[in-house]
C-alpha cells in the first residue's frame, strides 16, 4: 500500500523584478571575462586541463593555471541550454525549467540530527536521509530532494547510499552535492539509469542531477570536475556553486566577491560545454563574508541577501538556469535561523529563479531537527501566496455582495462568505486553534505533522527489478570503493 504524493505547488510569480541594470550586468560580465583571461583558474585535473587546452584556453601544466580568452568563454557558453527538464521517478513530478516557476529543494549535507525518537543529538545515518526523503515526498513545497544529511554509517560509498535512500523514499527528482570523483559518479549514473529505465529516457527526463562546489579563490577540485564531466557526458544536469567569502577568499566588497565567485562558476560551466556541447548545466551563487572580529564564515549578513539575487540575474545573463541560495547560515536553531529565508526566497522568485535550495537545516546547514522542514515549508507557502499577486477579477471584488450587505451590514450570514472564505490561505502550523482560545505552538504542531508523515506516508515503491539492480550496484561499489 502507498499513499499518493501531494501535487507540487511551485512558486509562480505574477510580477517580476530586475535588481541590476543592463550596464551593471555588463560590468560584472566584463569583470568575469577579465579575471578568466588575465588571472585564470587553478585546475588540478589533467583530464580537464587537456580539454581546456584543446579548446582554445592557455594552459600552464606546471602551475595548473588555465586562462581562457573572452571569445572562447562566450563561444562555449553559447552551447549551454537555457531551458531543460529535471525529471522525476514519476513524470507528473518532472520539473520543467522554462522560467515560469520556481521549484525549491531541501538543504543538504547535514552531519548531525536531533533523533526523531529520543530527542538526543547524534551523527546522521542513511536511515535519517531516507526519512527526510519521505517527508519531502509528502510536502508539496518541496520540488526536488537534496539528501539532507550524510549517511555516515557507510564510509566512502555514503553518497551512493544517500541516493539509494532518496530514490527509495521519494518519486521526486534527486540532486546530490556529494558525488565527488569519476568512479563514484559512474555508479551514480548507473543508479539514475535504473530509475529512468533506459539511456534515452535518462537524457530526456534525468531523475538525478549533481552540484559541485568550486574552491575559492579561483580554483577547482580534481574529483569534483571529473565527476561533473562524467555527468555531462551522460546527459545529467550538473551545476556549480561558489561559496567565496568576502574578506578571506574574495575581496571584502560584495561586488568583488560576486566577480570572483562568478568567474569560478563560469570556468566550470565552460569546461562542460567544451567537452560536451549542449550538456545541461546551471549556475549557483552562495557567497559569504568573514566576520571581522572572529574570522568566522557568516552567511547571513545584510549585504549578502542582494548577492544571492544577483546570482539569479548572472545565471540568466550567461544563458543558463540558476539554483538560488535562499536558506540561512545562522549558527543557532532559534528565531534567527529563518531570518533570511522569506526575503531571499521572494526576491529570487521575483527575479525569475528556476530552482532554489536551503530549507530544513539549522546551525550553518549542519543540523537536522525533526520539525525544521515543516517549519520552513510554511515560510515557502507564505512566499508562494505573496508572489502569486492579487486577483482583481469581478468575482474576487465581490461588488454584488457588497451591494447586498450595504452600510452597517454583516458578511457572516451571506452565502458568499461560506464559499469564499474556504479559499483563503491559512497556515497549518500557525493557525491551529487550542482549547480555551488562542493558537497552538507551531513548533509542536510541526513536530506532530512530521511524525504523522513518517508513520503514514508511503510513496509508490520501486519495482522489484529496480530494487534488485540498485542493490547490485551498491554492493559492487562497496566492494570497489568501500
- Task: Give just the number: which of (1) touching a residue at least 40 places away in the same chain (Cβ under 8 Å); (2) closer than 25 Å to residue 221 by Cβ; (3) in contact with a strand residue (DSSP E or B) (Cβ under 7 Å, 6 or more places away or on another chain); (4) buried (at least 16 other Cβ atoms within 10 Å of the Cβ) does residue 111 not satisfy?
- Result: (4)
- Note on the structure: Flagged pairs (Cβ under 6 angstrom, 6 or more apart or on separate chains; first in region 286-302, on the phi < 0 side of the Ramachandran plot and at pLDDT below 85; second buried (at least 19 other Cβ atoms within 10 Å of the Cβ) and part of a loop (DSSP other than H, G, I, E, B)) are 299/329; 300/328; 300/329; 300/330; 300/340
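Please specify each residue of region 118-132 satisfying the condition of being closer than 24 Å to residue 189 by Cβ and either in contact with a helix residue (DSSP H, G or I) (Cβ under 6 Å, 6 or more places away or on another chain) or not in a helix (DSSP H, G or I) (or both). Give the steps one after another, and end with the answer.
Restricting attention to region 118-132, the residues satisfying the condition of being closer than 24 Å to residue 189 by Cβ are 126, 129-130, 132.
The answer is 126, 129, 130.
Give region 75-84 a look and list any residue that's part of a helix (DSSP H, G or I) and touching a residue at least 24 places away in the same chain (Cβ under 8 Å), or say none.
Applying the first criterion (part of a helix (DSSP H, G or I)) to region 75-84 yields 75-77.
Once the filter is applied, which keeps residues that are part of a helix (DSSP H, G or I) and touching a residue at least 24 places away in the same chain (Cβ under 8 Å), region 75-84 yields 76, 77.
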- Query: Which of the residues belonging to region 39-55 are buried (at least 20 other Cβ atoms within 10 Å of the Cβ) and under 14 Å from residue 214 (Cβ atoms)?
  - Reply: 40, 41, 43, 45, 48
- Among the candidates 465, 401, residue that is closer than 30 Å to residue 158 by Cα and free of Cβ contacts under 8 Å to residues at least 24 places away in the same chain: 465
- Item | Among residues of region 56-68, those that are surrounded by fewer than 18 Cβ atoms within 10 Å (Cβ to Cβ) and in a loop (DSSP other than H, G, I, E, B), counted | 4
- Taking residue 395 and the conditions (1) closer than 30 Å to residue 290 by Cα; (2) outside any loop (DSSP other than H, G, I, E, B), which numbered condition does it fall short on, given that it satisfies the others? (1)
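Mind checking which residues of region 309-327 are in a helix (DSSP H, G or I), farther than 16 Å from residue 77 by Cα and at pLDDT 95 or above? Quick ask: steps written out before the conclusion?
The first filter runs over region 309-327 and keeps only residues in a helix (DSSP H, G or I), leaving 309-317.
Of the ones still in play, those that are also farther than 16 Å from residue 77 by Cα are 309-312.
Residues satisfying the conditions are 310, 311, 312.
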- Message: I'm trying to understand the selection: among the residues of region 246-266, which are outside any helix (DSSP H, G or I) and crowded, with 23+ Cβ neighbours inside 10 Å?
- Response: 246, 250
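Okay, residues lined up against (1) touching a strand residue (DSSP E or B) at 6+ places or on another chain (Cβ under 7 Å); (2) within 30 Å of residue 101 (Cα to Cα); (3) modelled with pLDDT under 95:
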{"residue": "116", "(1), (2), (3)": "no, no, yes"}
{"residue": "133", "(1), (2), (3)": "yes, yes, no"}
{"residue": "137", "(1), (2), (3)": "no, yes, no"}
{"residue": "144", "(1), (2), (3)": "yes, yes, no"}
{"residue": "147", "(1), (2), (3)": "yes, yes, no"}
{"residue": "152", "(1), (2), (3)": "yes, no, no"}
{"residue": "158", "(1), (2), (3)": "no, no, no"}
- Query: Hey, which of the strands (runs of 3 or more DSSP E) in region 133-235, taking only ones fully inside, have at least 1 residues that are over 29 Å from residue 50 (Cα atoms)?
  - Reply: 142-145, 173-176
- Query: Pairs, please: C-beta under 7 Å, at least 6 apart or cross-chain, first residue at positive phi and in contact (Cβ under 8 Å) with a residue 40 or more places away in the chain and in region 179-191, second surrounded by fewer than 24 Cβ atoms within 10 Å (Cβ to Cβ) and outside any loop (DSSP other than H, G, I, E, B)?
  - Reply: 181/223; 181/226
- Among residues of region 267-286, those that are in a helix (DSSP H, G or I) and out of contact with any strand residue (DSSP E or B) (no Cβ under 8 Å at 6 or more places or on another chain), counted: 4
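Let's see how each residue does on (1) farther than 16 Å from residue 258 by Cα; (2) without any contact (Cβ under 8 Å) to a residue 40 or more places away in the chain; (3) touching a strand residue (DSSP E or B) at 6+ places or on another chain (Cβ under 8 Å); (4) not in a loop (DSSP other than H, G, I, E, B):
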{"residue": "14", "(1), (2), (3), (4)": "yes, no, no, no"}
{"residue": "17", "(1), (2), (3), (4)": "yes, no, no, no"}
{"residue": "20", "(1), (2), (3), (4)": "no, no, no, no"}
{"residue": "26", "(1), (2), (3), (4)": "no, yes, no, yes"}
{"residue": "29", "(1), (2), (3), (4)": "no, no, no, yes"}
{"residue": "33", "(1), (2), (3), (4)": "no, no, no, yes"}
{"residue": "36", "(1), (2), (3), (4)": "no, no, yes, yes"}
{"residue": "47", "(1), (2), (3), (4)": "yes, no, no, yes"}
{"residue": "51", "(1), (2), (3), (4)": "yes, no, no, yes"}
- Message: Condition first: surrounded by fewer than 24 Cβ atoms within 10 Å (Cβ to Cβ), more than 24 Å from residue 260 (Cα to Cα) and more than 18 Å from the chain's Cα centre (by Cα). Can you find one or more residues in region 208-231 that meet it?
- Response: yes
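The values are calculated or read from the model by the stated rules, or taken from the named source; none is laboratory data. In this text the structure is predicted, and so the values were computed from the model without any measurement. Every residue, glycine as well, gets a Cβ built from its backbone with ideal geometry; the counts of neighbours run over all protein chains shown.
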